[in-house]
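Let me begin by presenting the structure, written as structure tokens, before commenting on it.
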Amino acid sequence: MTKKTIILLSIVGAALLGAGLWYYFAHKNTQEYTLETINPAYGYIAKSITATGSIQPVDTVSIGAQVSGVVKAIYADFNSVVKKGQLLAKIDPTILTAQSDQSKANLVAAKSNQKLQQSIYNRQKQLFAEGVISKSEYQLAINQLQTAKANVDNIVAQLKITQKTLYYTNIYAPIDGVVLNRNVSAGQTIASSFNAPTLFVIAKDLTKMMVRAAVDEADIGGVLVGQNVSFTVDAFPEAIFSGVVYEILLHPSVSAGVVTYTTLVNVENKSLQLKPGMTASINIYLEEDSNALLIPSRALSFKPDSVLAKKYNIQKAEKSTSVALKSTGATTASHKAYVWIKTGETLTEKAIDIGLNDDLHAQVLSGLTTSDAVITKAILGVVSTSTDKAQQSPFMPQMPQRKKPATPKN
């Protein structure tokens, strides 16, 4: 092979290689769009706010002591199930028993004196009628009898007080329930001179609990009695508990300049999973619709770009800025929005009224049917000899994704 032939073959090979590279890169950058569409479908959507709170029993009773003394015995402990009237503890009654015996003895003496004064009065009355004694002596007999009667009444009252105080040495359960806390032990001295010490705390019914939620002042305006609530607790992260707003307390709570309002939520706790004091992460559903016509929220932001305009027939809608109000159970504010419908090779912009929007789905109040093919985004397909991956068009808006609010379970 001559040198000339070798040079000629090299030139031809370089030309072929250049043509191949040009063909490869030219076809590699060929762009083809695929439009992702979805038909509106009926489903659940809600507008909710979040809050935190603590779980508490609906009704608790703090049991104190009205007498001072040494705790002689304890008959109930933590978590004990007690009945109304059940003896929980006993305070040493020795001193009060002695005082009661003393009052009884004083009463016997006072009644004996009253009997004596009654006899003296009867005799003096007869002598005064016969003119034997003076009027002053008769009045003295009357006074001594009245004093004796008053002394008897006084000692009777003292005896009742002593016996009632003696009764208070026995601590009874005022309701049926469960002992949440016990603050005393046998042998401990308690003093009730100024404040009655709390001995036990009893929860009436742990199958019915209450969540005390702290709702921010910016959100409290939409919270109403009767709204559904769902919440989770750290102890059972996979479980979703439900409740209903029972009451909104008007007294504000201010902490570090943040104003919150306590919102009470009634919760069923038949499984007894919820414990007093647990922290709850709460969703309060301000508005709900279980049969709403829904489209993906990202469809509201889709707009065809210049590349799509070359391939499809674009038909734009007349813009409107009107705002309507429509009732959907609760008063739901609606506003105009625009989506694009794909019909064959035609893309049509359509005005719709939307209501609730949870950033994942939007509620369609009017303007669409379940047969409309709503465009959600455009997918850019890159045709390559070595790869066949699809990516979203850089001209299309990308919506942030988050979890859908939990549906309350009744």
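No value in this document is a laboratory result; all are computed from the given coordinates. Nothing here was measured: the structure is a model prediction, and the numbers come from that model. Here Cβ is always computed from backbone atoms with ideal geometry, including for glycine, and neighbour counts include all displayed protein chains.
State to the nearest 20 debye the size of the charge dipole of segment 93-168 about its Cα centre, where the only charges are +1 on K and R beta carbons and -1 on D and E beta carbons.
140
First obtain the Kirkwood hydrodynamic radius of segment 93-168 from its Cα pairs, then insert it into the Stokes-Einstein equation at 37 °C and 0.692 mPa s, and state the resulting D in µm² per second as a whole number.
237
What residues qualify as long-range amide H neighbours of Gln56, i.e. H under 5 Å apart, gap of 5 or more or another chain, H built at 1.01 Å from N?
Close amide H contacts, sequence-distant or interchain: Met210, Val211, Arg212, Gly277.
Which whole-Hz couplings ³J(HN,Hα) result when phi for each residue of segment 222-235 is put into the Karplus expression 6.51 cos²θ - 1.76 cosθ + 1.60, θ = phi - 60°, listed in order with x for Gly and Pro?
Once θ is set to phi - 60°, the couplings for segment 222-235 become x, 8, 10, 4, x, 6, 6, 9, 10, 7, 10, 10, 5, 5 Hz.
Amide H of Tyr172 versus every other amide H placed in the peptide plane: which residues, excluding those fewer than 5 positions away on the same chain, fall under 5 Å?
Leu88
For Leu127 and Ile175, calculate 0.36 nm times their separation in residues minus their Cα-Cα distance, and state this gained length in nm to one decimal. Could the numbers behind the result be given before it?
Details: separation 48, 0.36 × 48 = 17.28 nm, distance 6.33 nm.
Once the chain is fully extended between Leu127 and Ile175, it gains 11.0 nm.
Once the piece of chain linking Thr97 and Lys303 is laid out straight, how much longer is it, given 0.36 nm per residue of separation minus the C-alpha distance between them? All intermediate terms of the calculation are to be shown ahead of the outcome.
Values: separation 206, 0.36 × 206 = 74.16 nm, distance 9.13 nm.
Full extension from Thr97 to Lys303 adds 65.0 nm.
Give me the orientation-averaged projected area of the Cα convex hull of segment 223-272, in nm², one decimal.
4.7
List, in order, the whole-Hz ³J(HN,Hα) value for each residue of segment 291-304 obtained from phi through the Karplus relation with A = 6.51, B = -1.76, C = 1.60 and θ = phi - 60°; use x for Gly and Pro.
9, 9, 7, 10, 10, x, 4, 5, 5, 6, 9, 6, 9, x
Amide H neighbours of Ala65 under 5 Å, at least 5 residues apart or on other chains, H built in the peptide plane: list them.
Leu199
For Ile142 and Tyr246, calculate 0.36 nm times their separation in residues minus their Cα-Cα distance, and state this gained length in nm to one decimal.
Gain in length upon complete extension: 30.7 nm.
Which GluC sites (Glu not before Pro) does segment 127-225 hold that lie in a coil by DSSP with at most 16 other beta carbons within 10 Å? Kindly include the intermediate steps, with their values, before the conclusion.
Details: sites: Glu130, Glu137, Glu217; in loops: Glu130, Glu217.
Filter output for segment 127-225: Glu130, Glu217.
Using the basic label-point model (7 angstrom from Cα toward the beta carbon), what is the Lys204 to Gln273 distance in nanometres?
Roughly 2.6 nm, to one decimal.
Show me 72-85, 262-275 ranked by packing, highest mean number of other Cβ atoms within 10 Å first.
With the highest mean Cβ count within 10 Å placed first, the list reads 262-275, 72-85.
Got a sec to turn the phi values of segment 150-156 into Karplus ³J(HN,Hα) couplings, 6.51 cos²θ - 1.76 cosθ + 1.60 with θ = phi - 60°, whole Hz, x for Gly and Pro?
Each residue's phi maps through the Karplus curve to give 5, 5, 4, 4, 5, 5, 4 Hz.
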